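Since the structure comes first, as structure tokens, the remarks are kept for the end.
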Amino acid sequence: MRDLNNSAISLVLITVLVGFPLGCRRGATDEAIASDEAIAKDIQGKISADPDTKDSQISVTAKDGKVTLSGRANSQAAQQKIEQITREEPGATTLDDQTTIPPIVIPVGTVLVVTTSQALSSKTSQAGQTFLATLAQPVSVEGRTAFPKGATVSGTVVTAKTKGKIKGEGELALSLTTISTQGQTYQIQTNVLSSTVKGKGKRTAATTGGGAAGGALIGGLAGGGKGAGIGALVGATAGFVGGAFTGNKQIEIPAESPLSFTLTTPLTLIPPAK
């Protein structure tokens, strides 16, 4: 009888000793799951609340403190902010960022307003000459900045013809070829802005290469003051930006003059690889 009682007691003790660790492990596992869920939920909430990241479509998961991000970030800046939010989250130990950034497509007809870095002239410039400029206004697509103000732009002198004293006409035609930002340079195609002078100082302007005909020359151009307002928009198209006349009736575009060009082909910006 005593042996039976001892056996029963031993069985109970064994059951308790075996079950206790299992219960502890189960409790620890449940706690870890709850902690991961809290981490993911907190990060998701911060992303949704932050004005810089709220428009991004991001999914957040966590396991054993490792946070995985997936989905689309609205921009590179938003992607970086999301990573920062995740790294600053208490309990998050490592980050696996699988988010992507959709490309930006700048459509045909987008106007690029630039400021010249040098003077251009029908008398002194040469066909094929490269000129530099900076973007005077940022270019955005659906709220996303494609190119910031100040981005470096280069162009080419398509035609430069000096007006003769007796006869012949002076002509100056320009187009843009590249635009650069954040270490990336993109080839672009724009309309050709062209201006001619002939006869007794008469001027004409035309927009070619995909733009609408009939450009515009505006502003008090005589004297060619620095920063003269020589850019104009004609309808949805950038009109030619002409220049001031010298005594020899040449076409002059002073440095720091605003010029307006129009893209004739779309431009796709692929986000840089992480």
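The values are calculated or read from the model by the stated rules, or taken from the named source; none is laboratory data. This is a predicted model, so every value here is computed, not measured. Here the Cβ is made from the backbone with ideal geometry for all residues, glycine too, and neighbour counts use every protein chain on show.
Tell me, please, whether a residue that is under 16 Å from residue 186 (Cβ atoms), among the hydroxyl-bearing types (Ser, Thr, Tyr) and modelled with pLDDT of 95 or more can be found in the range 114-127. No, the range 114-127 contains no residue that is under 16 Å from residue 186 (Cβ atoms), among the hydroxyl-bearing types (Ser, Thr, Tyr) and modelled with pLDDT of 95 or more. The residues of the range 135-153 that are of a type outside the set (S, T, N, Q) and in a loop (DSSP other than H, G, I, E, B), listed by number, are 136, 138, 142, 143, 148, 149, 150, 151. Here residue 132 does not fit the description of being assigned to a strand (DSSP E or B), under 22 Å from the mean Cα position of the chain (by Cα), crowded, with 17+ Cβ neighbours inside 10 Å and not polar (S, T, N, Q).
Remark: residue 110 falls outside the filter, which requires a residue to be in contact with a Ser or Thr (Cβ under 6 Å, 6 or more places away or on another chain), under 30 Å from residue 156 (Cα atoms) and among the polar types (S, T, N, Q). Looking at 115, 124, just one residue is assigned to a strand (DSSP E or B) and of a type in the set (S, T, N, Q), and that residue is 115.
Say whether the condition of being surrounded by 14 or more Cβ atoms within 10 Å (Cβ to Cβ), within 30 Å of residue 74 (Cβ to Cβ) and either over 12 Å from the mean Cα position of the chain (by Cα) or not assigned by TED's automatic domain parsing to the domain that holds residue 117 (or both) is met by at least one residue in the range 153-164. The answer is yes; a qualifying residue exists.
Of the residues making up the range 81-99, those that are surrounded by 15 or more Cβ atoms within 10 Å (Cβ to Cβ) and assigned to a helix (DSSP H, G or I) number 5. For the range 100-109, a residue qualifies if it is in a loop (DSSP other than H, G, I, E, B) and surrounded by fewer than 19 Cβ atoms within 10 Å (Cβ to Cβ), and the qualifying residues are 102, 103, 107, 108, 109. For the range 150-169, the condition holds for at least one residue, the condition being that it is in contact with a Gly (Cβ under 7 Å, 6 or more places away or on another chain), in contact (Cβ under 8 Å) with a residue 60 or more places away in the chain and of a type in the set (Ser, Thr, Tyr).
Can you find even one residue in the range 196-203 that is at pLDDT 95 or above, of a type in the set (A, V, I, L, M, F, W, C) and either surrounded by 15 or more Cβ atoms within 10 Å (Cβ to Cβ) or over 28 Å from residue 270 (Cβ atoms) (or both)?
Checked against the condition, which is being at pLDDT 95 or above, of a type in the set (A, V, I, L, M, F, W, C) and either surrounded by 15 or more Cβ atoms within 10 Å (Cβ to Cβ) or over 28 Å from residue 270 (Cβ atoms) (or both), the range 196-203 yields no hits at all.
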